[in-house]
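The values are calculated or read from the model by the stated rules, or taken from the named source; none is laboratory data. From a predicted model like this one, the values you see are computed outputs, not experimental measurements. Here the Cβ positions follow ideal geometry from the backbone for every residue, glycine too, while neighbour counts run over all protein chains shown. Calculation scope for accessible area: heavy atoms of the full protein, side chains included, ligands and nucleic acids excluded. Shrake-Rupley method; radii C 1.70, N 1.55, O 1.52, S 1.80 Å.
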Amino acid sequence: MNQVQQDTLEASPAARAAAFSVHVFTALGAGVALLALLEAVREHWSAMFGWLGAALVIDALDGPIARRLNVARLQPNWSGEVLDLVVDFVTYVFVPAYAITASGLLLPLAAPVLGAGIVVSGALYFADRRMKAADNHFRGFPALWNAAAFYLFLLHPPPALSSLAVAALIALTFVPFHVVHPVRVVRLRGLTLSLLAVWAVLAIVTIARDFDVAAPITAVLCAIAAYIVGSDAAIRLARSFKA
């Protein structure tokens, strides 16, 4: 009997049940994704984003809870990593891909092709063992199609421009630039988390108002997105000038 099996047997039934409940909590994100998809089919876009926001909350909480309850040790037969990737794919990629494709935001002829490109590139990204750099930055566009969909609905650019933007993001999935992970990247983490909190509040306001918000709110949301996407590149560029 190996140490993991011995630890599992020695744990109380309550501890093992609590550990398994974390997996159930993670899997709940897939159910939330289905509710989001049902709202998307009805073209209730704000409700869809509300459910996707709930999925984000689940995704943010399940990891710390799992580590606190020693889930990997107490439930070794269940892979939390695989479960998390499955749920993340439907919430971050599949449902947003449907929304982007079916909402009329893209050129009609390009929409199905780009929608397929989103889910194919997203699936490949999630399978890429190099998706995170050594310093915990994401490598390439990190398949955050829920965020991309949010900004397309917020800015509502012409279909041609939206189509070009989606095509560019699909291509950037495979380009080795770095995007900050808001929690795991240590550099400027306090600033990043503060901006993320501001973003969350403004995003809730935007969704509650069905994307009918004043220009200053839109500007702040866009500025925070630019920070998340471009801060690492800006820091590296500044360092190169000092060298």
> Over the stretch 101-243, what relative contact order in percent results from Cα pairs under 8 Å that are six or more residues apart?
Replying inline: 25
> So what does the Cα-only Debye profile of the stretch 155-233 read at q = 0.20, 0.27 Å⁻¹, as log10 I(q)/I(0), no solvent term?
Replying inline: -1.07, -1.20
> 222 nm [θ] for the chain, helices only, -39500 (n - 2.57) per DSSP H run of 4+, per residue, to 500?
Replying inline: -23500 deg cm²/dmol
>> In whole percent, and with a 1.4 Å probe on the protein chains, what portion of the accessible area of the stretch 115-243 is carbon and sulfur?
In response: 72
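Report the local net charge at G29: Lys and Arg +1, Asp and Glu -1, summed over other residues whose C-beta lies under 9 Å from its C-beta.
Its environment carries a net charge of -4.
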>> Pick from F174, F141, F89 the residue whose mean-square fluctuation is largest in a GNM of the chain, springs joining Cα atoms under 10 Å.
In response: F174
> Can you give the net charge of the other residues whose Cβ lies under 13 Å from the Cβ of L61, counting K and R as +1 and D and E as -1?
Replying inline: -1
> Normalised by the residues of the chain, what does the relative contact order come to in percent, with Cα pairs under 8 Å and at least six apart?
Replying inline: 17
>> Show me the three semi-axes of the equivalent ellipsoid for the chain, from the C-alpha gyration tensor (sqrt of 5 times each eigenvalue), largest first, rounded to whole Å.
In response: 32, 23, 18
> Which whole-Hz ³J(HN,Hα) couplings does the stretch 49-62 yield from phi under the Karplus relation 6.51 cos²θ - 1.76 cosθ + 1.60, θ = phi - 60°, glycine and proline marked x?
Replying inline: 5, x, 5, 5, x, 4, 5, 5, 4, 4, 5, 6, 8, 5
> Per residue, how much accessible area does the chain have with a 1.4 Å probe, in Å²?
Replying inline: 54
> With contacts defined as alpha carbon pairs under 8 Å and 6 or more residues apart, what's the relative contact order of the stretch 44-124 in percent?
Replying inline: 25
>> Springs between alpha-carbon pairs under 10 angstrom, Gaussian network model over the chain: which of W45, W199, W78 fluctuates most?
In response: W78
>> What does the charge count around A99 come to, taking other residues whose C-beta lies under 10 Å from its C-beta (Lys +1, Arg +1, Asp -1, Glu -1)?
In response: -2
>> Are there any trypsin sites (Lys or Arg not before Pro) in the stretch 104-182 that are in a DSSP loop and have at most 10 other Cβ atoms within 10 Å? List them by number.
In response: R129, R130
